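*Asks:* Right, I'll just put the structure down here and ask away after.
Read-outs: derived from the displayed coordinates by stated rules, not from any lab. This is a predicted model, so every value here is computed, not measured. Reconstructed Cβ throughout: ideal geometry from the backbone, glycine too, with neighbour counts over all protein chains shown.
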Amino acid sequence: MTLTQQARTARAAGATGGRPPRGGTGMRRRQTLWAYAFLSPALVLFAVTVIYPMIRAFQYSLYRWPLGSAPKVFVGLQNYRQLITDDQTFHRSVWNTLYFTVVSVVPTVALALAVALLLNRPRLRARGVFRTIYFVPVVTSLVAVGYVWKALLEPTFGIVNTVLGWFGIPGPGWLGDPGWALNGIVLMSIWRDVGFYMVILLAGLQAIPREILEAATMDGAGPWQRFRRITLPLLNPSILLATVIGVIAGLQLFTQVYVMTGSAQQPAGGPLNSTRSAVLFIVQNAFGPLEMGYPSAAAFLLFILIMLVTLLQFRFVQRKFEY
Amino acid sequence: MFLVRSPRRLALAATAVACLALAACSGGKSATEQAPLGTSTSSPSSSSSASSTSSTSSGTAGTGSATSSGSAGSTSGGGGSSSSSAGGAPVTITHWQHQSDAREKLLNGFKDDFHTKTGNTIDFQSIPYDSYFQKLGAALEAGNGPCVFQLPANIVGEYQARGDLAPVPESVLSAADIAKDFIPASTALLKIGGEYYGLPTDFQTFLLFYNDDLFREAGLDPTKDFATWDEFRQAAVKLTKTNGDQLVQAGIDIAASPYQWYYSAPTLAFPNGLVDKATGTVTYDNATGDQVWKRMTDLITQDHVDSAKFLTGQSKFALGKAGMILREYTFTGVYKISAPDVKYSVHIAPPVADKTYAPVASTSWSYVVSKKCATPEQAWQWVSFLTSEDSERTWAAGGGELPSRVSLAQDPTLRKDPNVVVGLDSMSKAMPYNSLGWDDVFAIQQQIWDEITLGGVDVRTAVDKGAKGEDALYKKKGLAG
């Protein structure tokens, strides 16, 4: 039987609701096997570097698991119970993480959208230069950026407070003040990430068909209405992507806090736990006392949190629009 | 039937069962196979004799059992990370320590000398401090850790209790010789159950640095030590300068994280130091502890001689913006490089508590040998070489640390700089900061400081909370009681 005959037979079988002939199934199976064969290197790598460590981490989370030769003691769900009910530092670190995520992602995406809209104007000159300027912080080392911002936010002689002083505004203590330290980190993160989301949103803007906007203009829609009724809905997938990436990155906050609040003289996460993030909590609880069980449980709770937040985003932010 | 009808649920349940089975079996197995806490699987003499006659390790779980192949000088991959061949053939000993340019340079010289002297090779790795414990912990867990490594003296007990350390064999250095030859403060935390589990390095006392110019400017005499806490406090106030509400010069650089103060003051206020060795509980959760913490934090909350908002994250003393700072002895050398314009002198700090049991507190690190090291005898010989009188003289001259050998305290070749002399004279009077943790305890004590100075929490509440946290940590580590 030729391939064309097989296809005809298969279509006929489909039309009558019968099962496709065995020959077609065999071919499909062979194709599936080949697909798996081609996928296998990636799948094996994924299994070895992601799935297996996750299973081991889950195993650790049920134990008191000191590194080295000490005995590992099965404690069941005790680590989870302690984290959820007793550990105020963990609660604070989760709160800090959520606060950072909300307070940094929303303005970053909004600012990135504003910049993208400006850069999307066809009559703007030197557009490439502006794009590069906005994108430079993204490709700069986060550690280097952290150190620079630490100096900028220095309360007595730092540039930020000096400029605020010119306008008669007494600058806060920033990283030395528990009430302001996390906001200082938020400020730095917004400055750094705007360029990244700007690129995503600019790509989204350029994918919007010009005809739709022109049709709306001819129908009498003003700039705000075009933005509100056409641009924003059609940009929704890009906004969703930027938000999901931003939220996941926000929930994994670590480097900024580590660089900007820690030193040989001071443990990161201070002052008074005001900047301790969930990931920092996990690292400090793992490699301070060299104990894997408790921080593994915290890592799993963070994993669940990220999963839930991402699902909620997909549920509430994603909208389908067609024109 | 519920599961069978839903393949997704079936898969999920199967995964969960697999995870639980893995958790229950694998960990349980290791738990039952391990020796109980603090129980040695081989006696010091047996590990010593094993290494002297053959390279078969006395370590556990196969790692470190680098059976001799007779190929001299080859490095094994497992456990002890060293191999040897029978009959005293050369071996390779892996050595890890945290990064310090000065120490790395000196150690490279020592390893060449050691190779020339013994034929043994040192595979030396200098690891950045930030990742040192991560790498060490993971390597010890995986059974491919180094033979020799560096630990703060405070956590030698913890690692010994985990079963990770081999004691110093009598054949290399007897306990009596260690007690006689080394400054007591440098070895106090290394002796466990009558045996030494490390030899000291990086011995530091906490000393008070004056900015001599700022002292003179404030009408103070920079050649005199403060006799009392009040005298010191008044000087700190005199040294403080403000411009309106804003601090422009700190009397003492103390606001951000003055661990040198809260390591020293509570340690010196109690005859047993910060932690009672017998019970493994903290000593400072009482009126004396409160007095010490109140006096230290009053400098910020009452006297305003420094502020967390003044030059945050900067070394105010090195910038010439603070009159005093309490720091480790090594800064006598560090400030020569980082603050060449600051003219400073070094002094013994005044007692903080009404009654103190020593004039200065100290910290030290130690060189230890892994229990899984295939050649512990040779490893200890290397450590002994590193801590010998000649080597310590070199460390002291070039590495910015105090020697821990008694004989070097009066060595005229080291006593040329008056600031160094203060350090050398402080050694024999020192009392070790004896917490049973390192970064984890640092975080707890810093929390006490922050709660009082930044959070407005009263001293009793903050000290009690911190003390309970520290006790709970020791209990969790199995070090209390």
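*Asks:* Can you list the lysines whose alpha carbon is less than 19 Å from that of A:Lys150, not counting same-chain residues fewer than 8 positions off?
*Replies:* By straight Cα distance, A:Lys150 reaches B:Lys309, B:Lys316, B:Lys321.
*Asks:* Further question on the same structure: Net charge around A:Tyr99, counting only other residues with Cβ within less than 12 Å of its Cβ (Lys, Arg = +1; Asp, Glu = -1)?
*Replies:* +2
*Asks:* Counting only complete DSSP H runs, which helices of chain A cover 30 Å or more along their long axis at the Cα atoms and score a mean Kyte-Doolittle of 1.6 or above?
*Replies:* Flagged H segments are A:293-317.
*Asks:* Where does the charge balance sit around B:Val334 when Lys and Arg score +1, Asp and Glu -1, over other residues with C-beta under 12 Å from its C-beta?
*Replies:* Working: positive: B:Arg327, B:Lys336; negative: B:Asp101, B:Glu328, B:Glu401.
Net local charge, B:Val334 excluded: -1.
*Asks:* For an R0 of 41 angstrom, estimate the FRET efficiency from the Cβ-Cβ distance between B:Ser174 and B:Thr228 and round to the nearest 0.05.
*Replies:* Here the calculated transfer efficiency is 0.40.
*Asks:* In a shell of Cβ-Cβ distance under 12 Å around B:Ser404, excluding B:Ser404 itself, what net charge do Lys and Arg (+1) and Asp and Glu (-1) give?
*Replies:* Values: positive: B:Arg393, B:Arg405; negative: B:Asp181, B:Asp202, B:Glu389, B:Glu392, B:Glu401.
Local net charge: -3.
*Asks:* Among the aspartates and glutamates, which have Cα under 17 Å from the Cα of B:Lys465 when same-chain residues fewer than 8 positions away are ignored?
*Replies:* Partners found: A:Asp86, A:Asp87, B:Asp285, B:Asp290, B:Asp440, B:Asp450, B:Glu451.
*Asks:* Also, I was wondering about something else. Over 24 Å between C-alpha atoms is what I'm after, so list which of A:Lys72/B:Lys372; B:Lys241/B:Lys343; B:Lys224/B:Lys355; B:Lys191/B:Lys477; B:Lys224/B:Lys336 land there.
*Replies:* In this structure, no pair lies more than 24 Å apart at Cα.
*Asks:* What dipole magnitude, in Debye to the nearest 20, does region A:86-317 give about its Cα centre under +1 on Lys/Arg Cβ and -1 on Asp/Glu Cβ?
*Replies:* Dipole about the Cα centre, nearest 20: 860 debye.
*Asks:* Here's another thing I want to ask about it. Per residue, what volume in Å³ does the Cα convex hull of region A:201-323 take up?
*Replies:* Once divided by residue count, the hull of region A:201-323 is 138 Å³.
*Asks:* Then there is this: Restrict the search to region B:406-481; then list the trypsin sites (Lys or Arg not before Pro) that DSSP places in a loop and that have at most 16 other Cβ atoms within 10 Å of their Cβ.
*Replies:* B:Arg415, B:Lys416, B:Lys429
*Asks:* Given the Cα-Cα distance of B:Asp123 and B:Lys241 and 0.36 nm per residue of separation, how much length would full extension add, in nm?
*Replies:* 37.3 nm
*Asks:* What is the set of long-range amide H partners of B:Phe203 at a cut-off below 5 Å, with H atoms built 1.01 Å from backbone N?
*Replies:* So B:Phe203 has HN proximity to B:Trp365, B:Leu402.
*Asks:* Residues with amide H under 5 Å of B:Ile192's amide H, sequence separation 5 or more or different chain, H placed in the peptide plane at 1.01 Å from N; which?
*Replies:* B:Tyr197
*Asks:* Out of A:Ala297, A:Asn161, A:Thr97, whose Cα points farthest toward the positive end of the dipole of region A:86-317 (charges: +1 Lys, Arg; -1 Asp, Glu; placed on Cβ)?
*Replies:* Toward the positive end, the furthest listed residue is A:Asn161.
*Asks:* For each of B:Ile127, A:Ile212, count neighbouring Cβ atoms within 10 Å of the residue's Cβ, then give the residues from fewest to most.
*Replies:* A:Ile212, B:Ile127
*Asks:* Would you grab the residues whose amide H sits under 5 Å from the one on A:Tyr63? Only those 5+ places off in sequence or on another chain, please, with H modelled 1.01 Å from N.
*Replies:* Amide H neighbours of A:Tyr63, under 5 Å, 5+ apart: A:Val75.
*Asks:* Once phi is turned into ³J(HN,Hα) by the Karplus curve 6.51 cos²θ - 1.76 cosθ + 1.60 with θ = phi - 60°, what whole-Hz value does each residue of region B:316-329 show in order, with x for glycine and proline?
*Replies:* Per residue, the Karplus-derived 3J(HN,Hα) values read 4, 5, 5, 7, x, 10, 9, x, 8, 7, 9, 9, 5, 3 Hz.
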